[in-house]
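The values are calculated or read from the model by the stated rules, or taken from the named source; none is laboratory data. On a predicted model such as this, the values are computed, not experimentally measured, just so you know. Virtual Cβ from ideal backbone geometry, glycine too; neighbours counted across all protein chains shown.
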């Protein structure tokens, strides 16, 4: 966080004709503008940390209280699918970082390619997520009116529970699995919402990138979006073990 | 020797500067699509005033109902909706944005020597989010209202009412983002856009106060957002996260809600304290006593403010040891506010004091905030909180700090910076009268409520035992006077737009950078980038500058 | 006095005699709390006076007219330290004093009698152990420590007795307790102080403090016949608790004789003291509260039993001081109509041994 650009050495000459087109007039120079935008994005991500923090707090409390229920409920999630999704997302972070590098080094086609790859990987993630969600819907594991405890009361009726070698849960413990799924849907749903917004912006960026908007030296947008995308990735890296990997041996 | 420091240009020749941020462009779109922080500040000023009077009307209805012990003016359900909406409107649509969104938006860039905030488009977005939230609240009111109390306590709000909880929650969620973006904008601006020479410790204390409040806005509001999301899910789908029957804990909502809502009160008061610093300094012609202490105490309030939320929950079933910790921390957070009061008081020592309207409001603030803040200690002390919590003592406490404190600070700031924003002076005599009327009305309205509280009258009651009637009647009578006190400024400030005296650049002879430009300011604020080569509140620098100007042949306007 | 109209004079007298800043002090903790409140009012008054005096004095002495040139003063570390340390010191005194009172209010003495209170929209139900039920009223004896064990059936409520200076939330899902010792017979306000919906302001009542003899009389007149424990006994049988919690050596559940107040080792390794909260949790969420040495087969009773029912069961269990008593339960309730279908193994009466031999609880 460099404040140096805030204290310049002299009065700025009226250089209206000499500044790049993208310099907004309330900034002295592009460095100040890029610096400010960057700082703003980090701050925004901090607010997102606080936002998800509330959900993580609820999760930590209830997992502590209802551990057996959380274990059984977590066995309903598919580690292969979740793991693959994690791979997709980490790769997309890599392609995004490559994209930023391409923008910095003014490689237009490279940038467009990386953005497209990131886009596809993101869509892939969402696709697999929707498969997982539809599985949950079929099995009546969506909290609320239709929530069913059968998989936990009678693990033999359920492939995932059987595979995990779960014992049948008593009714009062089984009831608490609904809390797990509430948090599962709230957390992954909120994460997916952030992904959808990100993918939307990516789509917009692909168009602008092919028009050369980010390879003319003004890379702030790509950089800041990269930060956002990495943040969404990091949230998932926390979600995956917390939700999928409870007590797996 | 005059009693006032006001120094206006010669009214026979003075004119409002032709080129200024108001005259730069015309037409509705130039306002609705503006990026100019000053215009956005004015947009906020108008909308906040509108919502204030809606909240005030609701308050009037409350006090009218409470004239009699029975619930006879309106159905109890309606009364419950009235006090809920009063709280929601006043807190989220008035108090939280009041000083930051109007005066902060307008003056923060000018005070640090910048041309605008760091993110003007985000600033405009903030206003639109605020308006959407506000309109949604109005729609909620018209389509039946909500009656959960502004605190949305679960499980009442999730399973036991049929009113518009979701739309109100959505409105607050949206307005919350307005607040987050404003805070974000301020922090980036203060860090990255200070003029050359404007070091941190040369910043006006108004800026420090807004910096501290912005930290709270940015870090606290998202937690309210997630609390509302979970509330909505619980209410619609029944996810169970707050439902004991499903293993959830209704206290979790309380924790999440108060984690924001306690810092929220510091979001509301810190900018007001910033105003008081400016006003007291200007009208005593002195640098604020203990500048560093006041600056650090703002940050201290913000930091400590995050760690005291459970003092709203002392009797709710949290563990005794949690109560100990939170009570202790509450004592710690009270100290910086006390420090400020004493610093402001000693700013008066050996000053040269005049009593224009902003100063009157500032004095009112100091007395009333002292009372309000001290009664906060009554409540933060766990033992006495048992007797006083959930009664009118709480109502009186927060109205003393919010209305006697924050609202007075807001009015002080509006009057102080009115000449800069509009180029016109407000009429001094009637405004001083309004300040005094407000002060008297306020005390009549809210002081009896302390007594009602110690006597045990619960809050949010539509009907009450007959023995509490006298105090309630006093309170309502006071509210009438208070209403007059608030109506007057709307009238005379509007009048002054056309008929007020021309103010000139620096009618108060104040030292801030914003006073070294024309009134109203240019859209780009400064013709040349200012260079800060003196400390804040340097009245000697101002004197030297004036002498220099007198030596030149200068014409104003 | 001739000039004052009689109506105004009457009003003034009435006002002066009735008007007080504090409610009557009717409990042992009230004077203690009032003492702290007075201290705080005093400190606040002094603080406020200092600030107001200083502001007034400075405004007069240093008004522009009298003091046209301001003297720039940066600050004073000594003063800063003074007005940091003194307020902090005073606040810390209040903190400690208040914390002591807080702990006192929420730590009931061992000899307190217990009354259950269930709050629901929009009434307070008080359940005395002897079977007396009250709605929006609570009769208590003066001079005895009374503990209230409270719970809500729906939303948050708050049980407030201003004259006793006590108040506590009644929340859904778990018990909260508060205690007091009333000093002066009389009738005092009972308020619900946590906003709970439409008729929140109607959820008020009377706390009636009686002398011990009057209280005994009241108890005798107001009983519905069956005490809470007796009701609990019927529930115990009708819910087939005795199917597992009986006196047989091969019983599937631990014997509950003398379990209240005992220390229990759970299968999770935790050690708990059995109190009201534990019993309630064990009935509703048994799987997390299995005594060591027993299988986790107790079914949950969530949804099958009301808060009053749980209270009755707890009272029954509290009074179970021997296995013989449990056996009596089975004997007595076997013949009740609702037991007809319940052919629980315990219905076959095993040899009843002398109470002393089976008085221990499996640890």
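Couple of notes before you dig in:
- Options B:124, B:117, B:136, B:103: the member that is within 14 Å of chain A (Cβ to nearest Cβ), touching a residue at least 12 places away in the same chain (Cβ under 8 Å) and in a helix (DSSP H, G or I): B:124
- Entry remark, segment C:118-133: residues being buried (at least 21 other Cβ atoms within 10 Å of the Cβ) and part of a loop (DSSP other than H, G, I, E, B) number 1 in total.
- Of everything in segment B:320-329 that is modelled with pLDDT of 95 or more and either within 7 Å of another protein chain (Cβ to nearest Cβ) or within 21 Å of the chain's Cα centre (by Cα) (or both), the residue that is surrounded by the fewest Cβ atoms within 10 Å (Cβ to Cβ) is B:324.
- Unique match (being out of contact with any helix residue (DSSP H, G or I) (no Cβ under 8 Å at 6 or more places or on another chain) and either surrounded by 20 or more Cβ atoms within 10 Å (Cβ to Cβ) or not in a strand (DSSP E or B) (or both)) among C:277, C:257, C:242, C:281: C:277
- Condition met for residue A:194 (closer than 30 Å to residue A:31 by Cβ, within 14 Å of chain B (Cβ to nearest Cβ) and at pLDDT 95 or above): yes
- Filter result for residue B:250 (in contact with a strand residue (DSSP E or B) (Cβ under 6 Å, 6 or more places away or on another chain) and within 14 Å of chain C (Cβ to nearest Cβ)): no
- From the list B:223, B:207, the lone residue that is assigned to a helix (DSSP H, G or I), facing another protein chain (nearest Cβ under 9 Å) and in contact (Cβ under 8 Å) with a residue 24 or more places away in the chain is B:223.
- For residue B:162, the conditions (1) touching a residue at least 24 places away in the same chain (Cβ under 8 Å); (2) on the phi < 0 side of the Ramachandran plot are fulfilled apart from (1).
- Of the helices (runs of 4 or more DSSP H) entirely within segment B:365-432, those holding at least 2 residues that are away from chain C (no Cβ under 14 Å) and closer than 26 Å to residue B:327 by Cβ occupy B:392-399.
- Test: residue in segment B:5-24 that is free of Cβ contacts under 8 Å to residues at least 40 places away in the same chain, assigned to a loop (DSSP other than H, G, I, E, B) and either crowded, with 19+ Cβ neighbours inside 10 Å or within 29 Å of the chain's Cα centre (by Cα) (or both): yes
- Among residues of segment C:61-84 being part of a helix (DSSP H, G or I) and at the interface with another protein chain (Cβ under 9 Å from one of its Cβ atoms), the one that is surrounded by the most Cβ atoms within 10 Å (Cβ to Cβ) is C:83.
- Counting only strands (runs of 3 or more DSSP E) that sit completely within segment C:134-212, those holding 2 or more residues that are buried (at least 19 other Cβ atoms within 10 Å of the Cβ), within 16 Å of the chain's Cα centre (by Cα) and touching a residue at least 12 places away in the same chain (Cβ under 8 Å) correspond to C:137-141, C:145-152, C:157-161, C:166-170, C:176-181, C:186-192.
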